[in-house]
Amino acid sequence: MLENFDVGALEGSWKRLTDRVVGQDWPASTVYVVATPIGNLADLSLRALHALTLCDVVAAEDTRASRQLLDAWGVQTPLLAAHRHNEAQAAQSIVERLGQGQRVALVSDAGAPGVSDPGARVVRAVREAGYRVVPIPGASAVIAALMASGATSDENPAFVFAGFTPSRPVARRKWLQAWCRTPAPVVMFESPHRLRAALADLLEVCGPDRQLTIARELTKRFEQVHTLLLSQAQAWVDSDSHHEQGEFVLIVHAPPVSDATLLDPATDTLLDALLESVSVRDAAKIAAKVSGMPRDVLYKLALERQQKG
């Protein structure tokens with residue numbers, strides 16, 4: 001625990017790491033796209049902190065929210081509004097600043113700018129103007145939810161990020177039908193006031209036996225990550241009034257694929273041919289790249305074929 005650390009040694013380590021970060025390359029006339037905490041302020045990286053301190057201005061989706069973050073870390077860098085409604089004008093202003101040799105940090109309210117948040121338009125304008133863009137990664141609700149869900153594996157690490165679900169029911173059901181056919185986990189964002197409707201639509205589209213991970217309030221005090229069948233999702237929400245509060249990440253797990261009859265004839269032939277000359281692992285790896293099917297499913301099928309042979 002932190003109280004068991006030698007404070008003097010910890011301060012010395014912090015000083016060494018800080019000096020190392022400061023000594024790295026921080027070119028002028030550059031936009032630094034900085035990922036900020038998604039809840040827990042301690043998730044701001046040392047590199048992100050230095051970028052926010054070093055830059056001449058911080059272009060923020062919400063200057064009030066970003067000022068709270070900067071104040072918490074003692075950063076006095078001035079703020080510039082760069083949100084969805086003024087992104088074109090903000091991009092032009094940022095390009096002009098870069099022409100003057102300034103460094104600009106680009107942040108959203110939480111997480112990574114340009115990923116379901118404003119910022120991509122600024123990045124495109126800066127790159128088109130010939131200036132450098134440096135990403136400074138950090139906290140991600142998508143990755144945090146996947147880490148705690150067990151929905152992916154090293155044999156089959158694929159997943160898709162679909163962003164926010166549509167607000168209108170008909171559009172949402174069509175959207176879910178398209179995404180949930182993917183043979184990989186689908187990660188999506190949902191707001192608390194639409195959670196029940198989204199769960200009902202998921203049940204209709206995917207059926208009762210599909211697995212779902214509900215992640216709420218990630219990195220915050222009341223964080224929860226719960227995996228269950230879609231048939232159980234509404235009951236879980238009903239079981240506690242807090243279950244309907246907060247920011248949500250939903251992960252629709254990949255549909256189960258375990259029957260060799262699901263292989264198309266071309267993949268079936270390819271798998272047999274590969275097993276004549278390469279290992280089971282390599283056969284599954286190559287077949288997955290060619291067919292797009294999950295590697296762990298193909299590995300299981302290849303192993304069964306080898307054992308029968």
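The values are calculated or read from the model by the stated rules, or taken from the named source; none is laboratory data. Please read these numbers as outputs of a predicted model, since none were measured by experiment. Positions of Cβ are backbone-derived with ideal geometry, glycine not excepted, and every protein chain shown enters the neighbour counts. For accessibility, only protein heavy atoms count, side chains too; no ligands or nucleic acids. Shrake-Rupley method; radii C 1.70, N 1.55, O 1.52, S 1.80 Å.
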Using θ = phi - 60° and Karplus 6.51 cos²θ - 1.76 cosθ + 1.60, couplings along region 213-226 (whole Hz; Gly, Pro as x):
9, 10, 10, 10, 6, 4, 6, 9, 4, 9, 4, 9, 10, 10
Efficiency of FRET between A200 and D117 - r from beta-carbon atoms, R0 25 angstrom, step 0.05:
0.35
Top to bottom by accessible area (1.4 Å), largest first, where do R168, R305 land?
R168, R305
At q = 0.08, 0.09 Å⁻¹, what is the log10 ratio I(q)/I(0) for the chain, with the Debye formula run over Cα points and no solvent?
-0.50, -0.63
Round to the nearest 10 and give me the degree value, 0 to 90, for the angle of helix 87-99's Cα axis relative to the longest principal axis of the chain.
60
Scan around R132 for amide H atoms under 5 Å from its own, H built in the peptide plane at 1.01 Å from N, and keep only partners 5 or more places away or cross-chain.
V31
Quick one: how many Å² of F222 are accessible to a 1.4 Å probe, rounded to 10?
130
Which one of W175, W26, W14 has the biggest mean-square fluctuation once the chain is modelled by GNM with Cα springs under 10 Å?
W14
Once both label points are put 7 Å beyond Cα along the C-beta direction, the A65-V160 separation in nm becomes 2.7
Solvent-accessible area of E244 with every protein chain in place, 1.4 Å probe, in Å² to the nearest 10
60
I'd like the orientation of helix 295-308 relative to the chain: the angle between its Cα long axis and the longest Cα principal axis, in ° from 0 to 90, rounded to 10.
30
Tell me the net charge near V33. Cut-off is 13 Å between Cβ atoms, V33 excluded, with +1 for each Lys or Arg and -1 for each Asp or Glu.
+4
When the chain is treated as a Gaussian network with springs between alpha carbons less than 10 Å apart, the largest mean-square fluctuation among V252, V134, V170 is found at V170
Heavy atoms only, 1.4 Å probe, whole protein assembly: order T30, T269, T152 by accessible area, highest first.
T269, T152, T30
What FRET efficiency would be calculated for the residue pair Q76, Q307, taking the C-beta separation as r and a Förster radius of 51 Å, to the nearest 0.05?
0.15
Amide H within-cut-off set for G163, under 5 Å, with H built and near neighbours excluded:
F189
Given axes a ≥ b ≥ c from the Cα gyration tensor, I'd like to know whether region 40-81 is rounded (a/c under 1.5), prolate (a/b larger than b/c) or oblate.
oblate
P(r), alpha carbons of region 1-140 - 5 Å bins starting at zero, rounded %:
2, 11, 20, 23, 19, 12, 6, 4, 2, 1, 0
Work out, step by step, the length gained on full extension between E96 and R84: first 0.36 nm times the residue separation, then minus their alpha carbon distance; give nm to one decimal.
2.4 nm
Nitroxide proxy distance, nm - points 7 Å out along Cα→Cβ at D272 and L228
4.6
Sorting L54, L212 by accessible area (1.4 Å probe), largest first, what list results?
L54, L212
Multiply the residue separation of A235 and D25 by 0.36 nm, subtract the distance between their alpha-carbon atoms, and state the gained length in nm to one decimal.
70.3 nm
Residue-ordered couplings for region 66-77, obtained by feeding phi - 60° into the Karplus form 6.51 cos²θ - 1.76 cosθ + 1.60 and rounding to whole Hz (Gly and Pro as x), are 5, 4, 4, 5, 4, 5, 4, 9, x, 9, 9, 4
Residue (of T77, L195, F222) at the positive-pole extreme of the chain, dipole from beta-carbon charges:
T77
Selected from E276, E247, E223 as most flexible by GNM, with the chain as the system and alpha-carbon contacts under 10 Å
E276
Using every pair of alpha-carbon atoms in region 201-309, split the distances into 10 Å bins beginning at 0 and state the percent of pairs per bin, rounded to integers.
13, 32, 19, 21, 13, 2
Mind jotting down the three principal axis lengths of region 127-272 based on Cα atoms? Whole angstrom, largest first.
52, 51, 31
